1. Which whole-number value in Å² is the accessible area per residue of the stretch 3-131, probe 1.4 Å?
2. Let me know the charge dipole size of the stretch 3-131 about its Cα centre in debye, to the nearest 20, where only the beta-carbon of Lys, Arg (+1) and Asp, Glu (-1) is charged.
3. For an R0 of 35 angstrom, estimate the FRET efficiency from the Cβ-Cβ distance between Glu100 and Lys7 and round to the nearest 0.05.
4. Between Lys52 and Ala133, how high is the FRET efficiency from 1/(1 + (r/R0)^6) when r is the Cβ-Cβ distance and R₀ = 35 Å? Nearest 0.05.
5. Which whole-Hz ³J(HN,Hα) couplings does the stretch 60-76 yield from phi under the Karplus relation 6.51 cos²θ - 1.76 cosθ + 1.60, θ = phi - 60°, glycine and proline marked x?
6. Computing the accessible area with a 1.4 Å probe over protein heavy atoms, can you report the carbon and sulfur percentage for the stretch 29-81?
Amino acid sequence: PWECHLKLPNDPRVLSIARHTIRTALLGYAHTPELADTAELLTSELVSNSVKHSDGPVTVRLRSRGSAVRIGVMDNHPELPDPLPCTPDQDFGRGLYLVEALADAWGRYPVIPAISHSRAPGWKVVWFELSDAVRE
């Protein structure tokens, strides 16, 4: 098992950094090009959403265990997103639809500080899992 963490500023230019880092890490650890392609696309969608909807830094965490990987993106926008229904004429809103369609599993959860006396909205993580294993 291994992990990779990226702490990025809230800036649209970080999309290419996240994509390149995820692809390089996965290929460097002998995952298939197909898994790297899908992970790169889905990571880009999640980081793009974070940059668009939050106003703080974005953290990307990649964990690999055997043939499976889990990638999570954390930001300071407290709303837990749901996929939007897609229509052919829509120019936006396909990110989570792609995650739902292409990932083996995905989800989202709020990040609650260990010591917090505040009920103020906090951070969240949106994650997905992929596997190199042959699907039946």
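1. On the way: 7510 Å² over 129 residues.
Dividing the accessible area of the stretch 3-131 by its residue count gives 58 Å².
2. The dipole magnitude comes to about 500 debye.
3. 0.85
4. 0.60
5. Along the stretch 60-76, the couplings run 10, 10, 10, 10, 10, 9, x, 8, 9, 10, 10, 10, x, 10, 10, 8, 9 Hz.
6. Answer for the stretch 29-81: carbon and sulfur cover 50 percent of the accessible area.
The values are calculated or read from the model by the stated rules, or taken from the named source; none is laboratory data. Since we're looking at a predicted model, the values are computed, not measured. Backbone-built Cβ (ideal geometry, glycine too); neighbour counts: all protein chains shown. Note: accessible area is taken over every heavy atom of the protein model, side chains too, but ligands, DNA and RNA are not part of it. Shrake-Rupley method; radii C 1.70, N 1.55, O 1.52, S 1.80 Å.
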